[in-house]
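K.L.:
Sharing a structure with you now.
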Amino acid sequence: MLSMLWVLRSGDHAADRPARFWAELAGFDDPGSDGARAVRDAFKSLAARNLIDHAEGPHGIPVVKLLREDGSGRPYSSPVAKAPRASVAEPYLRVPASLWERGLIGELSGPGLAMYVIALRLWRTDQKTPMIWFSPPQFKEKFGLGESTRKTGLRELVERGVLVMEKMPVDSGGGSGNRTFMRNVYFVEDVFLP
């Protein structure tokens, strides 16, 4: 879905590209066979969730058209404001091209990709030192993902050089003090920022 949002972000948000194209973009080892089959299965799953319109085009080439991310089945519309100086009505972030250009899209597991998108969503440039940290008790409630997804995804992103992890001493009030504990904080490497 991320790849389709990236490729189909303008125009009529539709394309007639072979499954092999999408498999190569997603970094499958065998884009002509197993990768293309996985893409066709993904199209069926996304269509069942009302995230894309999917039809078989001429010569068996799939035709996909984006639908809204809320699963309503309504046509996709870009969240980027159309008029100059108009505000964006919905929260929006652009996943950087480096996700595809560096092959990360094909290397990350589901937890890694989920935590990458969450890290981008939480990254704040209005802080003096922009960092991300996760409160384990609030993580599941806020993002609907389990603790193992959080841990696995963050570990994978650190191993791949997407995030840098540091330990920071904090007290229970969130600052520095006498009664401290160590918290893992994360910084997104510049090349992987929106």
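K.L.:
So in the stretch 166-194, with the set limited to residues that are touching a Ser or Thr at 6+ places or on another chain (Cβ under 6 Å) and at pLDDT 80 or above, which one is farthest from Met115 (Cα to Cα)?
P.N.:
Pro169
K.L.:
Restricted to the stretch 155-168, and to residues that are touching a residue at least 40 places away in the same chain (Cβ under 8 Å) and assigned to a helix (DSSP H, G or I), which residue is least open to solvent (accessible area, probe 1.4 Å)? Full working, then the answer.
P.N.:
Restricting attention to the stretch 155-168, the residues satisfying the condition of being touching a residue at least 40 places away in the same chain (Cβ under 8 Å) are 156-157, 160, 162-163.
Now narrow it down to the ones that are assigned to a helix (DSSP H, G or I): 156-157.
Values: Glu156: 22, Leu157: 0 Å².
Taking the candidates together, the pick is Leu157.
K.L.:
Follow-up. Given the conditions (1) within 19 Å of Trp100 (Cβ to Cβ); (2) in contact with a strand residue (DSSP E or B) (Cβ under 9 Å, 6 or more places away or on another chain); (3) touching a residue at least 40 places away in the same chain (Cβ under 8 Å), report the number of the one that Ala14 does not fulfil.
P.N.:
Condition (1) is where Ala14 drops out.
K.L.:
Would you pick out the residues in the stretch 30-77 that are in contact (Cβ under 8 Å) with a residue 40 or more places away in the chain and either in contact with an Asp or Glu (Cβ under 6 Å, 6 or more places away or on another chain) or of a type in the set (Lys, Arg) (or both)?
P.N.:
Scanning the stretch 30-77 gives Gly57, Ile61, Val63, Lys65.
K.L.:
Now for a separate question. Looking only at the stretch 111-154, which residues are among the charged types (D, E, K, R), over 19 Å from Leu93 (Cα atoms) and open to solvent by 60 Å² or more (accessible area, probe 1.4 Å)?
P.N.:
Pass one, the stretch 111-154, residues among the charged types (D, E, K, R): 121, 124, 126, 128, 140-142, 147, 150-151.
Adding the requirement that they be over 19 Å from Leu93 (Cα atoms) leaves 128, 140-141, 147, 150-151.
Passing the criteria: Lys128, Lys140, Glu141, Glu147, Lys151.
K.L.:
Mind listing whichever residues of the stretch 94-149 are of a type in the set (Ser, Thr, Tyr) and in a helix (DSSP H, G or I)? First the steps, then the outcome.
P.N.:
Of all residues in the stretch 94-149, those of a type in the set (Ser, Thr, Tyr) come to 98, 109, 116, 125, 129, 135, 148-149.
Ser98, Tyr116, Ser148, Thr149, listed by residue number.
The values are calculated or read from the model by the stated rules, or taken from the named source; none is laboratory data. Given the structure is predicted, the values throughout are model-derived calculations rather than measurements. Backbone-built Cβ (ideal geometry, glycine too); neighbour counts: all protein chains shown. Surface areas here come from the heavy atoms of the whole protein model, side chains and all, with no ligands, DNA or RNA. Shrake-Rupley method; radii C 1.70, N 1.55, O 1.52, S 1.80 Å.
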